[in-house]
1. What is the extension gain from GLN150 to VAL29, computed as 0.36 nm multiplied by their sequence separation minus the C-alpha to C-alpha distance, in nm to one decimal?
2. Would you order CYS62, CYS229 from fewest to most other beta-carbon atoms within 10 Å of each residue's own beta-carbon?
3. In whole Hz, with x marking every Gly and Pro, tabulate ³J(HN,Hα) for the range 249-258 from phi via Karplus 6.51 cos²θ - 1.76 cosθ + 1.60, θ = phi - 60°.
4. May I ask you to evaluate 6.51 cos²θ - 1.76 cosθ + 1.60, the Karplus curve with θ = phi - 60°, for each residue of the range 216-232 and list the ³J(HN,Hα) values in order in whole Hz, giving x for glycine and proline?
5. As a footprinting exposure proxy, order VAL184, VAL29 by other Cβ within 10 Å, with the fewest listed first.
6. Tell me which residues come under 5 Å, amide H to amide H, from THR73 once H is placed; ignore anything under 5 positions away on its chain.
7. Could you pull out every residue, at least 5 positions away or on a different chain, whose amide H is within less than 5 Å of the one on GLN236? Hs are placed 1.01 Å off N in the peptide plane, and Pro or chain starts have none.
8. Go through GLY32, THR60, VAL43 and say which Cα lies farthest out towards the positive end of the charge dipole of the range 14-60; charges sit on Cβ, +1 for Lys and Arg, -1 for Asp and Glu.
Amino acid sequence: MNASAAILPRDEVVAEADNVLEARGLTKVFGGFAAVKGVNLAVRRGSIHALIGPNGAGKTTCFNLLTKTLVPTEGRILFDGEDISSLRTSEVARRGLVRSFQISATFPNLTARENVRVALQSSFGTAYHFWRSLRAVAPLNARADELLEQVGLAASRDTPAAELSYGKKRALEIATTLALEPRVMLLDEPTAGMGHEDVEPITDLIRRAAAGRTVLLVEHNLSVVSTLCDKITVLQYGQVLAEGSYAEVSNDPAVVTAYMGGVDE
């Protein structure tokens, strides 16, 4: 136990141990504009945690800081108690902090199975060995098929990603993320641009994917947040406005005012 933890009450020490991802005083300044200002965030191990807020709240910037796409101006980021503030995205991904992007990041001309297999090759350190024979990567097919089954794409395994519907592309993206064996999966607007018919299946998929791991997501669809998330952090003007369960934050007068005066992203 470190020195700072030693002076904390026992219940606070236990609470810290339960947090797999933390931000402490997280700040990002662009020129003279502070997009994120002193954000403190604690994501509990095994939970589904959402970052929400009206347009311009700073949630995407905060998410980019946590996933190491951006370098913080001030503050610290801890993953499983380790300070990862100075690490690169690839380094934290190898530790199990893996991000799925808002815009589907799949190879359009590869089949669903081939997309997942590329992600699996990354796990085995052969991500760029595209010249390897099919026989050499064949052992990965069984695991790729398992992941496609998990996300409901077993029947589409031989379909090029470009030919999949938007909802199925997002499901494929989650499959490729799961291929990296994330301990914490970070999802950026997983239902963005979806029709109503796709939102519920993707919500159910995220719930299943969360089994045995932690999920942090940025999401604008409040109906998804209300049914999916254990805890919600509301940002406004780059700062934490409220935090708690959906019932708690949705009844907070400051949150109601922020949403009534803003436009969802």
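1. Extending this stretch completely gives an extra 39.5 nm.
2. So the residues, fewest neighbours to most, are CYS229, CYS62.
3. Ordered by residue, 3J(HN,Hα) equals 6, 6, 9, 7, x, 5, 5, 4, 5, 4 Hz.
4. 10, 9, 9, 8, 9, 7, 5, 5, 5, 4, 5, 8, 9, 9, 7, 9, 10
5. In order of increasing Cβ crowding within 10 Å: VAL29, VAL184.
6. THR27, LYS28, VAL29
7. LEU241
8. GLY32
Every number here is computed from the coordinates shown, using simple stated rules; none is lab data. Just so it is clear, the model here is predicted, and its values are computed rather than measured. Methodologically, a virtual Cβ is constructed for each residue, glycine included, from the backbone with ideal geometry; neighbour enumeration extends over all protein chains shown.
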